[in-house]
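Notes follow once the structure below has been shown.
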Amino acid sequence: MKIVIAGGHGKIALRLTRRLAGRGDSVVGIVRNPRHVDDIRRAGGEAVVLDLEHASVDEVAAVLVGADAAVFSAGSGNAATAARRDKMDRGAVVLMMDAAEQAGVRRFLHVSSINVGCADDRGIGEGYAVYLRAKRAAEEHIFARDKLDWTILRPGVLTDGDGDGTVELTAGNKIGPTGARFDQVAREDVAGVLVALIDRPDTAGRIYVVLGGKTPIEKAIDL
Ligand SMILES: NC(=O)c1ccc[n+]([C@@H]2O[C@H](COP(=O)([O-])OP(=O)(O)OC[C@H]3O[C@@H](n4cnc5c(N)ncnc54)[C@H](OP(=O)(O)O)[C@@H]3O)[C@@H](O)[C@H]2O)c1
């Protein structure tokens, strides 16, 4: 399979690249910094340099031609302004979806976030709320797409620890749940779930919250 990952140098994306390349898939990571190209190669993928805040649909679609799946795992990072949050965490997702549709790639996996339903809750800090609103807006764009077989993954707080191949996976409703949670999940296990979702097109139209847990990934998807 050929998989294109937006935000290819991200911490989840590099782990995903290693897993996919390790089993023989062809991986293309979209990065904005040319100095990251060699890291993608070392992980077993190829890199294309494009800034998703400025690239055109045609440019991204050209990367996606022939792909079996697109994965959006880019993000604005911790210290982003509200404007950058909107451009990256919402706008770049729309760009990637438009490009996938243009390139005829139906399968679309989106790394969103736990707590998207809590952006307007009292007690959520303003910086986090802005991030969650951008993620929520991206999800709302995704729900409207009928030319994409999308699956949304909402991870908890990400850690760099070793994964153990087990998670707690909950199929969520469209915007909830309300009540912020800050349970953790290892990026390695999030990457494992993404691989499993790539292999499971029957999860199209579903939204999953993923946290650290005790259920083997394959089994968790079936629950
Ligand atoms: N941190 C958490 O606890 C948490 C929880 C839930 C969900 N998430 C979400 O999970 C996803 C992946 O997380 P992660 O930790 O793997 O993220 P990460 O390591 O911060 O990676 C994000 C990647 O996006 C890239 N990027 C940023 N702006 C870009 C642009 N304009 N064009 C192209 N690429 C761009 C970054 O590139 P540069 O290196 O060049 O900046 C970076 O490689 C993100 O969407 C994040 O919001 C995070």
Completion exercise
Carbon plus sulfur, as percent of the 1.4 Å-probe accessible area of the chain, comes to 49 percent
Problem - Selection from 113, 195, 57, by position along the positive dipole direction of the chain (Cβ) - result: 113
Problem - Centroid-to-centroid separation of the range 43-111 and the range 153-218 [C-alpha atoms, Å] - result: 21 Å
Exercise for the section: Pull up all non-local amide H partners of residue 5: gap of 5 or more, or a different chain, and H-to-H distance under 5 Å with H placed in the peptide plane. Expected result: 28, 29, 30, 71
Problem - Packing rank of 151-160, 55-64, where each peptide gets the mean count of other beta carbons within 10 Å, highest leading - result: 151-160, 55-64
Exercise for the section: Quote the accessible area belonging to residue 101 in square angstrom, nearest 10, computed with a 1.4 Å probe and with ligands, DNA and RNA left uncounted. Expected result: 60 Å²
Problem - Dipole of the range 2-222, positive direction: furthest Cα of 47, 93, 163, with charges on the beta-carbon - result: 163
Practice task
Evaluate 2.2 N^0.38 Å with N set to the residue count of the range 2-80, then give the Cα radius of gyration divided by it.
Solution key: 1.01
Exercise for the section: Average the reciprocal distances over every distinct pair of alpha-carbons in the range 2-222, invert the result, and give the Kirkwood radius in Å. Expected result: 17.1 Å
Problem - Spin-label pair residue 184/residue 38, simplified geometry with 7 Å Cα→Cβ offset, distance in nm - result: 3.2 nm
Fill in the blank from the handout: Of all DSSP beta bridges with both partners in the chain, the antiparallel percent, nearest 5, is 20 percent
Problem - Vicinal HN-Hα couplings computed from phi for the range 39-47 (Karplus, 6.51 cos²θ - 1.76 cosθ + 1.60; Hz; Gly/Pro x) - result: 5, 5, 4, 4, 7, x, x, 10, 10
Handout entry: Student exercise, the chain dipole from Lys, Arg, Asp, Glu Cβ charges, in Debye to nearest 20
Key = 160 debye
Exercise for the section: List the lysines whose Cα lies under 23 Å from the Cα of residue 214, skipping any in the same chain that are fewer than 8 positions away. Expected result: 11
Practice task
Using packing as a proxy for protection, rank 20-30, 117-127, 4-14 so that the peptide with the highest average count of other Cβ atoms within 10 Å comes first.
Solution key: 4-14, 20-30, 117-127
Handout entry: For residue 163, distant residues with modelled amide H under 5 Å away
Key = 188, 189
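The values are calculated or read from the model by the stated rules, or taken from the named source; none is laboratory data. Every value quoted in this text rests on a predicted model; they were computed, and no experiment measured them. All Cβ positions, even for glycine, are placed from backbone atoms using ideal geometry, and neighbour counts span all protein chains on display. Calculation scope for accessible area: heavy atoms of the full protein, side chains included, ligands and nucleic acids excluded. Shrake-Rupley method; radii C 1.70, N 1.55, O 1.52, S 1.80 Å.
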